[in-house]
1. For the chain, take the longest principal axis of its alpha carbons; what is the angle in degrees between that and the long axis of helix 227-244, to the nearest 10 within 0 to 90?
2. Ordering L181, L98 by how much accessible area each has at a 1.4 Å probe, largest first, what is the list?
3. Only residues of region 1-33 count here: report those whose backbone N is under 13 Å from the spot 7 Å along Cα→Cβ of K129, or say none.
4. Residues in region 83-114, backbone N under 15 Å from the label point at A143 (7 Å along the Cα-to-beta-carbon vector): list them, ranges by number please.
5. Counting other Cβ atoms within 10 Å, keep those with at most 15, restrict to DSSP loop, and tell me which GluC sites (Glu not before Pro) in region 1-38 are left.
6. For F163, what is the net charge nearby, where nearby means another residue's Cβ is under 10 Å from its Cβ and Lys, Arg count +1, Asp, Glu -1?
7. For the Cα atoms of the chain, what angle does the longest principal axis make with the long axis of helix 81-90, in degrees from 0 to 90, nearest 10?
8. Along region 16-32, what does the Karplus equation 6.51 cos²θ - 1.76 cosθ + 1.60 (θ = phi - 60°) give for ³J(HN,Hα), rounded to whole Hz, x for Gly and Pro?
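The values are calculated or read from the model by the stated rules, or taken from the named source; none is laboratory data. Quick caveat: nothing in here was measured; it's all calculated off a predicted structure. Counting neighbours? That spans all protein chains shown, and the Cβs are built from the backbone with ideal geometry, glycine included. Side chains included, ligands, DNA and RNA excluded: accessible areas come from the protein's heavy atoms. Shrake-Rupley method; radii C 1.70, N 1.55, O 1.52, S 1.80 Å.
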Amino acid sequence: MKDDFIFGLRPVIEAIEAGKTIDKIFLQNALQGPIYAELKAVLAQNKIRPNYVPIEKLNRFTRKNHQGVVAFISDVPFHKVEDIVPQLFEEGKTPFLLILDRLTDVRNFGAICRTAECVGIDAVIIPEKGASPINSDAIKTSAGAIYNVKICKEANLAHTVDFLQQSGIAVYSATEKAQKLIYDVNFAAPCAIVMGNEETGISKEVLHHSDEKIKLPIEGKTQSLNVSVACGAILYEAVRQKMSISPNP
């Protein structure tokens with residue numbers, strides 16, 4: 001990840017003002033000073049939410065003089081879901097979205113983005129905090145597909161779910177605790193599919209806001225699949241349903 005981050009107050013300010021996409025930024029707790037105040041103003045102006053951490057965490061990123069700030073840069077631009085959804089409807093498309101709730105494994109994220117691009121997902125939605133970094137490993141694992149799918153970074157996924165529902169998009173959350181199988185919901189209509197964290201699954205708040213909880217059938221003794229594999233199976237069931245719709249006469 002060495003090529004993916006920069007550090008130091010002035011370099012980070014200049015990177016933001018130059019239009020670089022900031023994936024994540026970490027600020028030392030209780031940092032003070034005029035340049036730090038300038039950085040805070042630049043962050044606010046660009047609607048970038050920092051993570052406040054102890055200096056020990058910053059020291060794990062680099063032992064050089066980071067001045068209390070480390071920022072991870074992404075080559076991938078971020079979009080806003082409230083801009084994408086109206087555009088999809090205006091273009092006459094049926095929105096097909098994917099929400100990744102706090103996935104942390106870079107390779108899982110990259111593999112999922114590769115599948116998402118292959119099936120025609122309109123946007124992949126991730127949270128601002130708690131998500132995998134979009135770095136060179138993620139891009140490599142996606143075979144470059146990340147460049148061809150829109151990534152939306154949102155502050156609150158539950159609020160995003162509410163916005164999608166108000167826009168006429170059904171939200172399906174994949175969890176092994178569900179009663180309904182993926183074959184029993186209508187993916188052919190406007191929809192968003194939620195996949196959860198590798199260890200804890202989908203947050204309770206997002207589950208509560210979802211329209212339906214869905215699951216894959218599991219027949220073996222192992223009661224769960226890798227999230228990338230599970231996501232691929234669900235997305236291709238959605239594709240099957242979309243392809244089975246008879247064309248208009």
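1. Here the helix axis deviates by roughly 50 degrees.
2. Numbers: L181 50, L98 0 Å².
From most exposed to least exposed: L181, L98.
3. 25-27
4. In region 83-114, the label zone of A143 (backbone N under 15 Å from the point 7 Å along Cα→Cβ) covers 110-114.
5. Values: sites: E14, E17, E38; in loops: none.
Passing both the DSSP loop test and the Cβ count: no residue.
6. Values: positive: none; negative: E82, E154, D162.
Taking every Cβ under 10 Å from that of F163, the sum is -3.
7. Between helix and principal axis, roughly 40 degrees.
8. 5, 5, 7, x, 5, 7, 8, 6, 9, 9, 10, 10, 5, 4, 6, 5, 9
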